[in-house]
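Visitor: Sharing a structure, written as structure tokens. Questions coming.
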Amino acid sequence: MNALPRLLLGALFLSLPLFLILVFLTFADFLDAAPAWIAALVGYGLLALLLRPLITGIVAIEAAIRAMAADENANPEVETWSPLVRELWLTLSRWAREIRATAKTRALELAATRAVQAALPEPLLLLDTGRRIVRANDAAIHLLGDRLIDRDLAGALRNPAVLNATDAVLRGEGDRVVEFEMAAPVERHLSARIARLSPPTSEGAAAVLLLHDLTALKRTERLRADFVANASHELRTPLASLIGFIETLRGPARDDATARERFLAIMAEQAGRMSRLVDDLLSLSRIEMNEHRAPTGAVVIRDVLRTVADALEQRAASRQVRFVFDLPEDLPPVLGDADELAQVFQNLFDNAIKYGGMGSTVDISAQASSRILPGARPGQRSPGIAVSVRDHGPGIARDYLPRLTERFYRVDPARSREMGGTGLGLAIVKHIVSHHRGALDIDSELGQGSVFTVHLPIANG
């Protein structure tokens, strides 16, 4: 309602007592009707005149408040002849400035809080009293998927211990810390800390769940134990040989030049084997330490395959082996680390050369992968490519295939050692492929050769 109707109605209400008095005086014959009407109109006009500054001022204040509500940067002014309205407007202006300053401060604090949450390297979830996820930072989305908001926590973390601890915290039973494991896409060891928020946030969050990755620590402990056990087992034989030959050279063969040369050659071979073994163990340990962090680079896999083949060309030529490539021209880049992928195919090419037979070929092909890779989100199929390395050797019995990627497992230990193998090559391949969120398939038939297929995710963009 604008100023004029309010002014007329306000003057009318204030004039009612005057109108009643004039009516009474008229009916009591103390005043004639004509003077009464004139007095009523004059009184009404005077009240309207007196009310005009107040009514127009109040209407102006309402308009100013609406303008400030519509635009937080608006700074309207109210012009009025009414001292009361002027004082009211000054009070409201000060209050509005304070409210704006407080709101701006709180908005900055909220933005800073959300920025800190987003930048946290540890996954963080905010939960309401019904265990529904109301906020998740970037690390949580990367770990658990991008469809977290408004889902029950059970849809993101299917671990009974974590869910029970969360329910207990939401019931007010105090903070909880739970250690648990996630199997996909790679094995992870995590610690979940759940704490209650009091009072709840404006979004309704009543608890915070913070995840801490213990994978590196757990793997360090396990790798230390595995390294000692494996190294001591595999190094025992060459060390015993070296010690025996040294004792022989110091004793019976001290002056036997022929025996000395033969023994030194064997000692050099055993020392080289130990050196290769230590290198492979260190390489495997390094890969396993970082296996839970997927690489993010884009690698031109065609270039990696050609480079590895060029590096092994002389070794292949010594066994009259040729590399035969069947690679599409439009082969897309894969998501990965170029050095690690080179190590994968160097191991596979080297095995194909060693076990493929004299004068044979190593066939390298690539095509679109039909595998659902471990890094794919639930319900989604990440595009990938499959790179196959085929040899034409004697093949491997199917009973042995499941164990080929175990550490130090050899189908023919004597032949493997004769070829210079450490028994760790395929274990390294398996862990690098797992680090890349890929998959390794092995197929072989006796007399038909073997095919090792590496499935890798395609790099987006």
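Just so it is clear, none of the values below were taken in a lab; they were calculated from the coordinates. Just so we're clear, the structure is a prediction, and the values are computed from it rather than from any experiment. Reconstructed Cβ throughout: ideal geometry from the backbone, glycine too, with neighbour counts over all protein chains shown.
Visitor: Taking the Cβ of each residue in F24, F245 as the centre, tally the other Cβ atoms inside 10 Å and list the residues starting with the fewest.
Guide: Listed from fewest to most nearby Cβ atoms, that is F24, F245.
Visitor: Taking amide H positions as placed 1.01 Å from N in the peptide plane, with prolines and chain starts having none, which residues 5 or more places from L197, or on another chain, fall under 5 Å of its amide H?
Guide: A207, V208
Visitor: What aspartates and glutamates sit close enough to K104 to cross-link, taking a C-alpha to C-alpha distance under 14 Å and skipping anything fewer than 8 places away on the same chain?
Guide: Partners within reach: D71, E72.
Visitor: Something else about it: Starting from the 7 Å offset along Cα-to-Cβ, what nm value, one decimal, do you get for the label separation of L197 and A216?
Guide: 2.8
Visitor: Now a separate question. Tell me which aspartates and glutamates have Cα within less than 12 Å of K354's Cα, excluding those fewer than 8 residues away on the same chain?
Guide: Straight-distance partners of K354: D391, E418.
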